[in-house]
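For reference, the structure is listed below as structure tokens.
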Amino acid sequence: MRSLPNEIRVRWRMQILMIVGATLMLVTAIHAQSPRPAPSDPPPTNPTKGDSSDTNFGSPENEMRDKLRVKEDKKRYDENVGRAREASELGSQLLKSFEARKVFNSDDSKKLERLEKLTRRIRNEAGGSESDPDVKDIPGDFELAVKRLAEMSDELFKLVEKTPRLVVSAAVIDQANKVIGLIQYVRNPSR
């Protein structure tokens with residue numbers, strides 16, 4: 001008879017082990033199906049900064065932003081070189097017109113205004129301020145001043161063309177200020 005209770009004990013133990021095993025399997029299955037907390041989102045980055053603390057180095061979005069930024073900088077640089085080229089051409093046209101008539105007409109006055117606007121824009125793009133220049137080395141003769149204006153406009157174009165993008169050039173700013181001062185003198189020599 002002892003074997004019977006022993007047999008019952010063995011069965012009882014097996015049943016307990018099976019219940020414990022089934023319970024563990026259920027707990028594991030339930031845990032696997034339960035929703036997990038979403039991984040925390042990375043802190044937002046400022047795309048205009050472009051700092052090295054950005055942990056998403058190779059993301060396509062950052063690469064596209066950088067390419068667009070470089071393209072925009074190149075476009076602005078090319079526009080500035082175009083302004084300098086136009087300023088140089090205007091200076092040459094003004095000189096030819098003055099040499100032919102020895103006086104400026106209304107078209108020449110418009111060209112002077114355009115030249116001044118272009119030169120101010122070039123100066124601002126180079127990092128200069130909006131202050132009016134004080135040019136000290138203005139030639140006393142009006143014809144020499146017009147010649148000097150044409151020369152300085154051409155020099156400004158060459159400086160802008162040589163200056164790399166994204167560089168603040170004191171030489172360009174200084175040259176632009178001199179050109180603006182000469183324009184103001186040529187426009188109103190009685191000052």
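Quick note: the coordinates plus some simple rules give every number you see, no bench work behind them. As the structure is a prediction and not an experimental result, all values here were calculated from the model. In this analysis, Cβ positions are derived from the backbone assuming ideal geometry, glycine residues included, and neighbour counts consider all displayed protein chains.
Values computed for the structure shown
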item	result
Search result, residues across the range 118-155 that are within 23 Å of the chain's Cα centre (by Cα) and surrounded by 13 or more Cβ atoms within 10 Å (Cβ to Cβ)	LEU118, THR119, ARG120, ARG121, ILE122, ARG123, ASN124, GLU125, ALA126, GLY128
Qualifying residues in the range 159-191 (those that are over 25 Å from PHE104 (Cβ atoms) and among the charged types (D, E, K, R)) - the one surrounded by the most Cβ atoms within 10 Å (Cβ to Cβ)	ASP174
Qualifying residue in the range 116-135 (condition: assigned to a helix (DSSP H, G or I) and over 19 Å from GLN184 (Cα atoms))	yes
